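A short reminder: the numbers here are calculations on the coordinates, not readings from a lab. These numbers were taken from a predicted model, which means no experiment stands behind them. Using ideal geometry, Cβ is built from the backbone for each residue, glycine included, and neighbour counts are taken over all protein chains shown.
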Ligand code: ADP
Ligand code: MG
């Protein structure tokens, strides 16, 4: 604080992406939450985008692991290895151990929260603290979280969708459902398999989603088809087909409806005052899933509330986690 360079960092440890925010610098690292390991020796082959490019393409001796699942740690040791690598990469090896603020989804258990704190310490943090993800997302999206007015944020990541209303610095009502970007990809894989007898990989499905998926079947009629490759389940051979955008929109409808249900339920649980505030200010979408085409319109139609996408939706949680580092100095003195 007194002339000493801060080495506090905030980590958005997401199911899909890990983002590191350094106090005084802003975002210093953005990488997929993927680790490639040698199955025989247990040795780490690569971390991040290089490891992600190996998903579905590894020989028998290598596995590409996504150590976070549904917003929580699924593979402890691999998570530690990944965080260690990212903390070192963000801080430089010679620097002092940082104090780290990490986000967790709002619905996690004490045990899951504990695991995140432990993993962060083992990975090289001097000490670790957690912040609830929707709260961080709201700060990062620039919502007036400390004011006596209700805000609503919906963070759609890879593993979870976190919905929360916030007022006076706290979460008023929230829902965390284990249904987000990954489930959209799964739904596309399933649909293509059923309709075209074609087996596609998760990277292909995700690309298809980013390129042509729409939350609205109606609006998808104006979008272009996309060429995809996979394995024909009848002949067993590689095959190329054209997928209409309407098919992709159909494929993801069920998941979209479940996200909408979670939003409606969270709205129903809030006080009339907060509901009124949300109607005035609208719902803000964050996370990678917020970028799905026509999603704001579809949610707005279903809830009768205006819906906006935050600027830089992928970075909101990291920015909010970083912003909340200011409070670490208070906690340290405890
Ligand atoms: P997490 O916090 O769980 O790591 P992110 O907020 O980083 O997740 O978002 C990752 C998810 O967002 C992935 O499922 C990815 O496929 C999805 N995504 C990224 N860009 C888009 C896009 N343009 N359209 C739809 N989904 C997207
Ligand atoms: Mg996230």
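Pulled fully out, how much extra length does the chain show between residue 327 and residue 41, if you take 0.36 nm times their separation in residues and subtract their Cα-Cα distance?
Numbers: separation 286, 0.36 × 286 = 102.96 nm, distance 4.17 nm.
Here the answer is 98.8 nm.
Along the Cα→Cβ direction, 7 angstrom out, place labels at residue 202 and residue 49. What is the inter-label distance in nm?
It works out to 2.0 nm between the two label points.
At q = 0.08, 0.14 Å⁻¹, work out log10 I(q)/I(0) for the chain with the Debye formula, treating every Cα as an identical point scatterer and leaving solvent out; two decimals please.
-0.39, -1.12
Could you grab the relative contact order for the chain? Cα pairs under 8 Å, six or more apart, rounded to a whole percent.
So the answer I get is 19 percent.
Measuring from label point to label point, each 7 Å out along Cα→Cβ, what is the residue 61 to residue 254 span in nm?
4.1
Reported to two decimal places, what Rg/Rh ratio describes region 144-308 when computed on Cα atoms with Rh from the Kirkwood expression?
Result: Rg/Rh = 1.07.
Could you work out the Rg to Rh ratio of region 156-228, with Rh taken as the Kirkwood radius (inverse of the mean 1/r over all Cα pairs)?
That ratio equals 1.12.
Could you let me know the centre-to-centre spacing of region 87-150 and region 157-234, using Cα atoms, in angstrom?
Rounded to whole Å, the Cα centres lie 27 Å apart.
Using the 10 angstrom Cβ neighbour count as an exposure proxy, how do 210, 54 rank, fewest first? Don't skip to the answer; put the middle values down first.
Details: 210 13, 54 17.
Going from least to most buried by this count: 210, 54.
If each of residue 110 and residue 95 carries a label point 7 Å out from its Cα toward its Cβ, how far apart are those two points in nm?
Going from the residue 110 label point to the residue 95 one covers 3.4 nm.
If you take the beta carbon distance between residue 7 and residue 30 as r and set R0 to 25 Å, what does 1/(1 + (r/R0)^6) give as a FRET efficiency, to the nearest 0.05?
0.80
Just subtract the alpha-carbon distance of residue 291 and residue 76 from 0.36 nm times their residue separation and send over the number in nm, one decimal.
Stretched out fully, the residue 291 to residue 76 stretch lengthens by 74.4 nm.
Taking 0.36 nm per intervening residue step and subtracting the Cα-Cα distance, what contour gain separates residue 121 from residue 222 on full extension?
Additional length available on full extension: 31.4 nm.
Looking at the chain, what % of its DSSP beta bridges pair antiparallel, to the nearest 5?
Of all bridge pairs located within the chain, approximately 70 percent are antiparallel.
Among 224, 75, which comes first, then next, by fewest other beta-carbon atoms within 10 Å?
Arranged by neighbour count, lowest to highest, 224, 75 become 224, 75.
If you take the Cα atoms of region 1-155, find Rg, then find the Kirkwood Rh from the mean of 1/r over all pairs, what is Rg/Rh?
Taking Rg over the Kirkwood Rh, I get 1.00.
Using the number of other C-beta atoms within 10 angstrom as an exposure proxy, rank 165, 303, 204, 39 with the fewest first.
Ranking 165, 303, 204, 39 by Cβ neighbours within 10 Å, fewest first, gives 39, 303, 204, 165.
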